[in-house]
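This report refers to the structure that appears directly beneath it.
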Amino acid sequence: MPEPGVVRAAAASAAAGCVVAGTAAVTVAVVAGPGPGLTGYVSEAGVTDSAYAGAYRIGVFALAAALLLLAVALPAALRTAAALLTGGAAGTVLSGAVTCTAGCPLPPFQAATVADLVHGGASVAATAAVVFAMLALALSPAAGRRLRRISGIGAALSLPLSAAIALAMLTVGRGSVVGVLERVLLAIAAAWGLTTAAALGLTRR
């Protein structure tokens, strides 16, 4: 039976691959798809009438796998962060499985369907879980200096961005402000996931 360190190193390497593949697939769907560009949500690339909806879902599921693999790659002492990443993976899977309608409408400015609310809620919950996982790792002495530094930078960038997105969604709704901020936050999360996977893999070796 493989040693835990070997399993964690393999999980970290697989997580890095899933982050790269998932980010690439989602980026292609967002850039090449018929979405509204920077004025809309990333999720709009996954609506059913988009020719790139399949690529979008594959990318989302790959990113969910990356979060789950990162949870496996973490040392046993970092249970809180692992649980948050596992929850983030579950939310990401639900977000990819339940498609929003055109425009991904959300309250308080738009009338939303049940699917829109489920999709939006799952996406918000998944992103929040990842940001809180960064914070948990940054504050945990068991994470080690390198992982704490990476997660500290990620949390320092992600927390104010998350607050700004939440405020913008409640005050101005869908538009270029939310669209740009959302993409920046997701890019930070992807960079954090890739850097964390690399750090965990190097540590295990």
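The values are calculated or read from the model by the stated rules, or taken from the named source; none is laboratory data. Keep in mind that this is a model prediction, so the values were computed, not measured. Reconstructed Cβ throughout: ideal geometry from the backbone, glycine too, with neighbour counts over all protein chains shown. The accessibility values were calculated without ligands, DNA or RNA, using every heavy atom of the protein model including side chains. Shrake-Rupley method; radii C 1.70, N 1.55, O 1.52, S 1.80 Å.
For the range 140-162, indicate whether the set of residues that are closer than 17 Å to LEU85 by Cβ, open to solvent by 50 Å² or more (accessible area, probe 1.4 Å) and not hydrophobic (A, V, I, L, M, F, W, C) is non-empty.
yes
Please determine whether any residue of the range 45-52 is open to solvent by less than 60 Å² (accessible area, probe 1.4 Å), over 30 Å from GLY5 (Cβ atoms) and free of Cβ contacts under 8 Å to residues at least 40 places away in the same chain.
Checked against the condition, which is being open to solvent by less than 60 Å² (accessible area, probe 1.4 Å), over 30 Å from GLY5 (Cβ atoms) and free of Cβ contacts under 8 Å to residues at least 40 places away in the same chain, the range 45-52 yields at least one hit.
Looking at ALA11, ALA32, ALA66 in this structure, which one is under 17 Å from the mean Cα position of the chain (by Cα) and among the aliphatic types (A, V, I, L, M)?
ALA66
Among residues belonging to the range 163-187 that are open to solvent by 30 Å² or more (accessible area, probe 1.4 Å), among the β-branched types (Val, Ile, Thr) and part of a helix (DSSP H, G or I), point out the one that is farthest from ALA111 (Cα to Cα).
Top of the filtered list is VAL184.
Looking at the structure I just gave you, is ALA111 modelled with pLDDT under 95, among the small types (Gly, Ala, Ser) and not in a helix (DSSP H, G or I)?
Here the answer is yes, as ALA111 does meet what is asked.
Filter the range 83-96 down to the residues that are in contact (Cβ under 8 Å) with a residue 40 or more places away in the chain and among the aliphatic types (A, V, I, L, M), then identify the one that is most open to solvent (accessible area, probe 1.4 Å).
Restricting to residues being in contact (Cβ under 8 Å) with a residue 40 or more places away in the chain and among the aliphatic types (A, V, I, L, M), the top hit is LEU84.
Among the residues in the range 24-43, are any polar (S, T, N, Q), open to solvent by 20 Å² or more (accessible area, probe 1.4 Å) and closer than 22 Å to THR127 by Cβ?
yes
Can you say whether SER158 is among the hydroxyl-bearing types (Ser, Thr, Tyr), outside any loop (DSSP other than H, G, I, E, B) and either over 19 Å from ALA197 (Cα atoms) or more than 15 Å from the chain's Cα centre (by Cα) (or both), as far as the supplied structure shows?
So SER158 fails the test.
I'd like the residue in the range 69-94 that is part of a loop (DSSP other than H, G, I, E, B) and in contact with a Lys or Arg (Cβ under 8 Å, 6 or more places away or on another chain) and, out of all such residues, is farthest from ALA122 (Cα to Cα).
Per the criteria, the residue is PRO75.
Give all pairs with beta carbons closer than 7 Å in which a residue from the range 102-126 that is within 19 Å of VAL60 (Cβ to Cβ) and open to solvent by less than 80 Å² (accessible area, probe 1.4 Å) meets a residue that is part of a loop (DSSP other than H, G, I, E, B) and among the aliphatic types (A, V, I, L, M); count only pairs at least 6 apart in sequence or on separate chains.
As it stands, the answer is LEU106/ALA112; ALA115/VAL98; ASP116/LEU106; VAL118/VAL98; HIS119/VAL98; GLY120/LEU106; ALA122/VAL98, since those pairs meet every condition given.
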